Amino acid sequence: MSDTPQPRKPLLRDRIERALERWGHTAYRRAGWVLAAALLTVAGLASQLPELGFDTSSEGFFAKDEPIRQDYDAFREQFGSDTQTLIVVRPGKVFDLDFLAKLREFHEALEDEVPLLVEVTSLINARETRGEGDELIVGELLDDWPTNQAELDEIERRVLANPLYVDQLVSRNGAVTTVVIESEVYSRVGVEEDLYAFDDEPTEESPEGSAFLTGEEVASIVGAVYDVSDRFRSPDFEIHVTGTLVMTDDMQREMRSDMAQFTGLAILLIAVFLAVLFRRVAGVLLPITTVVLSVIATIALMAIAGIPVTLTTQILPSFLLAVGVGGSVHILAIFYQARRRGESKEASVAFALGHSGLAVIMTSLTTAGGLFSFTAAELMPIAHFGYTAPLGVLVALALTLTVLPALIAVFPMRQEHARATNEPALTQKLVIQAGVFATHHPRSMVAVWGILIALALVGATNIRLSHSPYAWFPESHPTRIASDMVNEEMNGSLFIEFLVDSGRENGLHDPELLRALADIRERAAQTRSNEMYVGKTVSLVDVVEEIHQALNENQPAYRAVPNDPQLVAQELLLFENSGSDDLEKVVDSRFQVGRVTMKLPFLDAVNFPPIFDSLRAEVTDALGDQAQFTLTGLGVLAGETIVAVMHSMLRSYAIAIAVICPMLILLIGNLRLGLVAVIPNLAPIILALGVMGWTQMPLDSLTMLTGSIAIGLAVDDTIHFMHNFRRYYAESGDVDYAVRNTLATTGQALLFTSLVLSSGFFLYCFATMLLLHNFGLLTAFTILAAFLADILLAPALMSLFARRTVQSTPTVALETPS
């Protein structure tokens, strides 16, 4: 047997690096074809951008096949939308002839000018049921217009004595009144106008297969309401507009504005950092061109897939700009180093792809893996982010490996001059010195980080959940002011719905079941949970009591449910024959399913689940075995969002760690060292959770993204560090040497990408909505913490574990670059 040592078979990692180097030559030589193919593809995708939609609705948080969404959609199909637009009008005095005259003009203007209108309800046309002998009269409160103060006083007395008016159309003290606008449930886009020709008899085709209102339709409704309100607003006719449609439209407008503003700022910021780093026109234009193309392609793919822009996906453009430019930076940094050594452009491109291409691929895959964890989220905006963000990262990767080398080939560049000295730049010196300090004091450095992590874990125990859409707006925002006023003056502005199913036709003619509904109303009025309470309950029993009182000489003592079911049926038939269609709002046509509407204050949804549990228990007890019920409504969707946020966070964090850790271990090529390398990636997440707890920053549908986003981004720096550390340690066997050379070659790029990423997220601190502000601040902090962990904690851990681990491994995965 020959003693001649046999050449080592190249590892898979070696073969990939050589393949990337060969691709660098090919992309350079075929630059025209590469650019033409990429530009034509992106242009074709971009043609679909006009199809991009927006969705900030509460129901949009849940998939259409989710039971909670199916219950809500079924409710809307039966009873119409509960997303009313509420207009609060505060005059000097409600029961004043001049004010009522102006209120009538305002009411009529809304009826004339607001599109997609079902009904406008105010004191002007409020239903009043009264009896005259044996006749039931169902008319409007102001059918007989008052002409003097005595008549006004009588109207005021009747209004404040009627429970259907108080807290609905007028405040208890009579100082504030409301105008309620009910809009269409379904969109008219693509539907022939003749389907809507008969308002009193809507066709059955409308609901079937129809979509709910589009963002443009919501904007047209809200815009018309604002236009009319602006014309009538005056010191003695103070107007505030609120409601779910208004909030939805406000969010959409803020999103459109923020997306454009922050995308532009992110491009400008990246350009500044690139100019500082490379000091070349090509160093600025080439990475920006590459990453902008990736953003356009990704947003276009969203439009093609029918994924709307939501509160979560609105961050995608600026996010992809910040994340996507990192790969270009690492490749260009090595490219320019090769050029300074006198290499040709082609050779430098090939060397850069061979040197850093694999690390760029792995960082993109780990980032995508961390983001893909959001696909398991229960909330659709978060799940959509889980699909679109990884797709965008992979698109950016593909263009970085294809378009960037082709752009380098065609872009004119001056000949680089070799530096007279290898003296590193100031930023490189700082990064290198930090790493060297950590390797010289590893135990102290690990102890410091251990103390920080321990403090963060203590703070994390104080994290509070939150889902409070109105609180996302500044306190001075008109929508938030109006919401607070409705909560205060009208005993709440959020509605939940109990759908009571008797199980039989005409089951709601049963006096016992109707009395159970009355019992529910009384129980609800007594139910409290922290700041939550039920300010108003309305159901079929209110109409039955109103009719029975009217048919008994309007005597208050007869405001009750008749004992005879046939008498109930007869009185309801009289009501229907009077011309009123108000029964459609509280019961279905078979009198089998009734609607019990409860109004609550619109506070943080974290308060909702406890009171919902209490109300379920009270309704179950009141109904007994007489009927079954379903709880639905916007309030229920908001309350369920809180539970889904927690479940989604835990699930996405677990998936992100499960996906990223094996990839990191695979890249490093050593199980023990790979597990050690996970520590610098988890530390920033723990620190971020600690900051949330100590500062009382809420965990909501956006801040919950921080962890998985940061895991994916933090591991990028770790991969670049470990990729080069292994290479230089294999060459020297000296940790200090490996850390120095690693940070000398990639440290400046790590610093730059961290600054770009954190600055991109810091931009959101200027957002109007508070949840974006918190998300940007927290994510930027986490990225900076991740960078510090990679230049301080990672070298310290390598100093403690690398000698024992790497030296025991006879075959190393990385080689010194030739």
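The values are calculated or read from the model by the stated rules, or taken from the named source; none is laboratory data. In this text the structure is predicted, and so the values were computed from the model without any measurement. When we count neighbours, we look across all protein chains shown, and the Cβ atoms used for this are built from the backbone with ideal geometry, even at glycine. All accessible areas refer to the heavy atoms of the entire protein, side chains included, with ligands and DNA or RNA removed. Shrake-Rupley method; radii C 1.70, N 1.55, O 1.52, S 1.80 Å.
Descriptive notes on the structure:
- Distant-in-sequence amide H partners of Val118 (H built 1.01 Å from N, under 5 Å): Glu182, Ser183, Glu184
- At R0 = 25 Å, FRET efficiency that the Cβ-Cβ distance of Leu567 and Arg515 yields, to 0.05: 0.95
- Each peptide in 475-486, 373-384 was scored by the mean count of other Cβ atoms within 10 Å over its residues; highest first, the order is 373-384, 475-486.
- Separation between Cα centres of the range 87-161 and the range 245-316, rounded to whole Å: 50
- Share, in percent, of DSSP beta bridges within the chain that are antiparallel, nearest 5: 95
- Accessible surface of the range 533-600 [probe 1.4 Å, protein heavy atoms]: carbon and sulfur percent: 47
- Dipole magnitude of the range 1-116, debye to nearest 20 (Cβ charges: Lys/Arg +1, Asp/Glu -1, about Cα centre): 1480
- Candidate lysines - alpha carbon under 20 Å from Lys102, same-chain residues fewer than 8 apart omitted: Lys93
- Under 26 Å of direct C-alpha separation, and excluding same-chain neighbours fewer than eight residues apart, Lys429 reaches no lysines at all.
- Residues in the range 754-767 carry Karplus couplings, in order, of 5, 5, 5, 4, 5, 5, x, 7, 4, 4, 5, 5, 9, 5 Hz; the curve used is 6.51 cos²θ - 1.76 cosθ + 1.60 with θ = phi - 60°, and Gly or Pro positions show x.
- Pairwise FRET efficiency - Phe232 versus Leu268, Cβ, R0 = 51 Å, nearest 0.05: 0.75
- Of (1) 1.41; (2) 1.11; (3) 1.17, the label for Cα Rg over 2.2 N^0.38 Å derived from the coordinates: (3)
- Rounded if a/c under 1.5, otherwise prolate or oblate - the range 300-445, Cα gyration tensor axes: oblate
- Straight-line cross-link reach from Lys599 at under 23 Å between alpha-carbon atoms covers these lysines, not counting any fewer than eight positions away in the same chain: Lys536, Lys585.
- With the simple model of a label 7 Å out from the Cα in the direction of the Cβ, Arg279 to Glu531 spans 5.6 nm.
- What the range 477-592 shows is 43 Å² of accessible area per residue, with the surface traced by a 1.4 Å probe over protein heavy atoms.
- Extension gain for His647 to Ser732 (0.36 nm times residue separation, less C-alpha to C-alpha distance): 25.9 nm.
- Taking only protein heavy atoms and a 1.4 Å probe, the accessible area of the range 334-478 is 64% carbon and sulfur.
- Taking 0.36 nm per residue of separation and subtracting the current Cα-Cα distance, fully stretching the chain between His25 and Lys64 would add 9.1 nm.
- Sites Lys429 and Asp98, calculated FRET efficiency, Cβ-Cβ separation with R0 60 Å, nearest 0.05: 0.20
- In order along the range 322-331, the phi-based Karplus estimate (6.51 cos²θ - 1.76 cosθ + 1.60, θ = phi - 60°) of 3J(HN,Hα) comes to 5, 6, x, 6, x, x, 4, 5, 5, 6 Hz; Gly and Pro are listed as x.
- Per residue, the range 123-180 exposes 46 Å² of accessible surface when a 1.4 Å probe is rolled over the protein heavy atoms with every protein chain present.
- If the chain linking Glu346 and Tyr558 were pulled fully straight, counting 0.36 nm for each residue of separation and taking away their Cα-Cα distance, it would gain 66.9 nm.
- Under 5 Å from the amide H of Glu128 lie the amide H atoms of Gly139, Glu140, Leu141, each residue being 5 or more positions distant or on a separate chain, with H modelled from the backbone and absent for Pro and chain starts.
- Whole-Hz couplings from phi, Karplus 6.51/-1.76/1.60, listed for the range 62-75; x for Gly and Pro: 10, 5, 5, 8, 6, x, 5, 6, 5, 4, 5, 5, 5, 4
- Unit charges at the beta carbon, dipole of the chain: most positive-side option, Leu457, Leu513, Val34: Val34
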